[in-house]
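Report on one structure; see the data block that follows.
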């Protein structure tokens, strides 16, 4: 399943950091000799061509996928359902379609509904705070976990081709159902992003009071807000797409911040220490899993 | 001011990560040939002696400081005022006293009140999530920022000796008033700790639903909660000591998390994106300062 013809030409819909990295990695691994791309933002597609990610820029998604053996859906999560509906009629019968979205249940349901068993939902755990094709890196997936979340209709030969694709790019593939995947991501990825964005936003009006030296001398703020450098549009879509899983966790976070605020207000050292100890114990439990 | 006799013997009150690192660094730099230590926890003092941090364990703080040229107050912030009152009568007239606490205004006021101009408030920006004398490292301060916050009564020769001490340990010394120091730390260090502890605590009941693989595949949670591995007692004291500066920021964080929760609840993509964009812009502003 890893012969070049299985993945070439490659159609890339959404020329960003992750999609661009898939295309560069597939080319480097010898899986494809031709990449045709489309992006709703012509500047992103043009940059993709400049950077050697794309051989050709297509004017429409339908034009990009015509004749493609592999279609990589790498546009924002919220756009995947309409995108799938739009390309359905232009796809080759033998084409494999994968996505790279961070939320799987709604994506798999909608895209599989439009494209059937040739679609295999995928999520590479390789995101960073970077975005855009300028940051694309063909080695991005090496050693990283990649979740494959086939829907109920996915053809097993399509799943095998998707697994082989990611393995050729160096990823460690794990198969998991879309629902449990989304619940897990809400905790280990989506809620941390809520916290990081909220923390950075809370300080938005506070910078003028800080000296440059004081602001830069700490690693605490740098590490806790690193992922708040991520794309607001991408994370807006992820939070909305995974709303059911993320909401109870955001409420829990809001509750914990409120408990800490109340304990500091009241000067209640005992309550304060109990919450901090619960946080430390929770983190230790997480770190033991690593 | 960096001749050995200026800092030897060294009395260490509070045998933990930071204090132990000061003692090891001072010994390595040839500033002291003898370290006497006291800790309210006899096990910590014993470990300090085992690790070569201490030459001798004193039974009381007064016993430790008798005859010392340099006294390093490295106990939790909340204990520094009573500790200073306790050692005042046992100090040599020529002794230099420094602390290493993360909050300066209340510490400087109380300790200077008890000890006068020979006390110089100091804050090395070298904390990590580690704690205890087992983690002490004589090279901890190399290249790190150290704030010197002398109170109104501090003797300039004491300030000069304190500056020379930290420079000998490799730190980059910055002099700043205690009030602005505490306001800056509330934003760049204390609020990130609130966010990290709250995030980790919010997930405390949520781990059972996660597979080990999913939990460990993300760097988001690891980085955002790293500092939630810090000592709950130490941070309880810091939050309470810097309460006036930290409270408005915690309220702002609580407000931002609430805004994100409300926008996700309402499915309001526009509001959601605006908050995320504010967070990203705030972080960019911070990073530009580096």
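Where a number appears in this text, it was derived from the coordinates with a stated rule and is not lab data. Source: prediction; values computed, not measured. In this analysis, Cβ positions are derived from the backbone assuming ideal geometry, glycine residues included, and neighbour counts consider all displayed protein chains.
Miscellaneous remarks
- Gyration tensor verdict on the protein assembly as shown (Cα atoms; rounded if a/c is under 1.5, prolate if a/b is larger than b/c, oblate otherwise): prolate
- The ranking of B:92, A:39 from fewest to most other beta carbons within 10 Å of each one's beta carbon is B:92, A:39.
- Placing a label point 7 Å from the Cα of residue B:175 along the Cα-to-Cβ direction, the residues of segment B:131-158 whose backbone N falls under 11 Å from that point are B:148-151, B:155-158.
- Across segment B:9-147, Cα pairs under 8 Å and at least six residues apart give a relative contact order of 31 percent.
- Ranked by how many other beta carbons lie within 10 Å on average, peptides A:150-157, A:95-102 from highest: A:95-102, A:150-157
- Principal-axis tilt of helix A:105-115 within chain A, Cα atoms, nearest 10 degrees: 10
- A full extension of the chain between residue B:205 and residue B:271 corresponds to an added length of 20.8 nm, given 0.36 nm per residue minus the alpha carbon distance.
- Averaged over A:266-275, number of beta-carbon atoms from partner chains that fall within 10 Å: 4
- Mean Cβ count within 10 Å, highest first, over the residues of peptides B:69-79, A:262-272: B:69-79, A:262-272
- Relative contact order for chain A, counting Cα pairs under 8 Å that sit 6 or more residues apart, in percent: 17
- Counting Cβ atoms of other protein chains within 10 Å of each Cβ in B:233-240 and taking the mean gives 5.
- Of B:273, B:62, B:112, the one that fluctuates the most in a GNM where chain B has Cα springs shorter than 10 Å: B:273
- Relative to the dominant Cα principal axis of chain A, helix A:243-266 is inclined by about 20°.
- Segment B:29-96 shape via C-alpha gyration tensor axes, a/c threshold 1.5: oblate
- GNM top mover of A:257, A:120, A:188 - chain A, alpha-carbon springs below 10 Å: A:257
- Peptide B:244-252 is shielded by partner chain Cβ atoms: per residue, an average of 4 of them sit within 10 Å of its Cβ.
- Between residue B:6 and residue B:33, the simple label model (points 7 Å from Cα in the Cβ direction) yields a spacing of 1.8 nm.
- The long axis of helix B:156-168 is offset from the longest Cα principal axis of chain B by roughly 70 degrees.
- Residues residue A:285 and residue A:247, FRET efficiency given R0 of 22 Å [Cβ-Cβ distance, rounded to 0.05]: 0.45
- Three-way shape label, segment B:1-129, alpha-carbon gyration tensor, a/c 1.5: rounded
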